[in-house]
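Colleague: Sending over a structure as structure tokens; questions will come in a sec.
The values are calculated or read from the model by the stated rules, or taken from the named source; none is laboratory data. Quantities reported herein were computed from a predicted structural model and do not represent experimental measurements. Every residue, glycine as well, gets a Cβ built from its backbone with ideal geometry; the counts of neighbours run over all protein chains shown. The area values use the complete protein model at the heavy-atom level, side chains included, leaving out ligands, DNA and RNA. Shrake-Rupley method; radii C 1.70, N 1.55, O 1.52, S 1.80 Å.
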Amino acid sequence: MRAVLRWFLIIFGVACALIALAHIFIGPRTIIGANTPNATLDGDMRMVMVLFLAYGLLCVWAARDLDRYAGLIHLLMLVFFVGGLVRLLTVAYVGWPHWFYIAMIVVEIVVPLIYSPLLRQVTGRPIGADLAELTH
């Protein structure tokens, strides 16, 4: 199970990084079903994708040692989960997006709900204890 979680995190992180790079270098054309944004929205999207690139790279980096970086990994999963919840704000304010982004909402909510408990099983430590280690 440890190897599966490690490789999943590496593949997941690389996918996040590649998605971010596509958004940074290709721009809004990478967003399915989107209209051409103005310069403000284009710049905002590309800037946020730098953060998503860092997110993906952190996932790959943390995969080196699941025990040592469990707190960071749980935090990264929490951020991904909250990202999925925030997408639901779009549904509330604007309506349902393209079906692909509905699928992304499901992925963003479900992956952390599966990954973090499995990581807890592998490390043998409570999630809260791993997250508390981040403050030391």
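Colleague: Only one of (1) touching a residue at least 24 places away in the same chain (Cβ under 8 Å); (2) in a helix (DSSP H, G or I) is not met by Arg87, so which one is it?
Modeller: Failing condition for Arg87: (1).
Colleague: Hey, among Tyr115, Tyr69, Tyr93, Tyr55, which residue is farther than 22 Å from Met1 by Cα and either among the basic types (Lys, Arg) or open to solvent by less than 80 Å² (accessible area, probe 1.4 Å) (or both)?
Modeller: Values: Tyr115 fails: farther than 22 Å from Met1 by Cα; Tyr69 fails: farther than 22 Å from Met1 by Cα; Tyr93 fails: either among the basic types (Lys, Arg) or open to solvent by less than 80 Å² (accessible area, probe 1.4 Å) (or both).
Exactly one residue qualifies, and that residue is Tyr55.
Colleague: Where residues in region 98-112 are assigned to a helix (DSSP H, G or I) and over 13 Å from Met77 (Cα atoms), which of them is least open to solvent (accessible area, probe 1.4 Å)? Write out each step before concluding.
Modeller: First pass over region 98-112, keeping only residues assigned to a helix (DSSP H, G or I): 99-112.
Filter once more, keeping what is over 13 Å from Met77 (Cα atoms): 99-106.
Details: Trp99: 176, Phe100: 71, Tyr101: 38, Ile102: 59, Ala103: 41, Met104: 49, Ile105: 12, Val106: 83 Å².
If we take residues in region 98-112 being assigned to a helix (DSSP H, G or I) and over 13 Å from Met77 (Cα atoms), then Ile105 is least open to solvent (accessible area, probe 1.4 Å).
Colleague: Could you check region 72-90 and list, in sequence order, the residues that are open to solvent by less than 20 Å² (accessible area, probe 1.4 Å) and farther than 13 Å from Leu58 by Cβ?
Modeller: Pass one, region 72-90, residues open to solvent by less than 20 Å² (accessible area, probe 1.4 Å): 73-74, 76-77, 84.
Once the filter is applied, which keeps residues that are open to solvent by less than 20 Å² (accessible area, probe 1.4 Å) and farther than 13 Å from Leu58 by Cβ, region 72-90 yields only Gly84.
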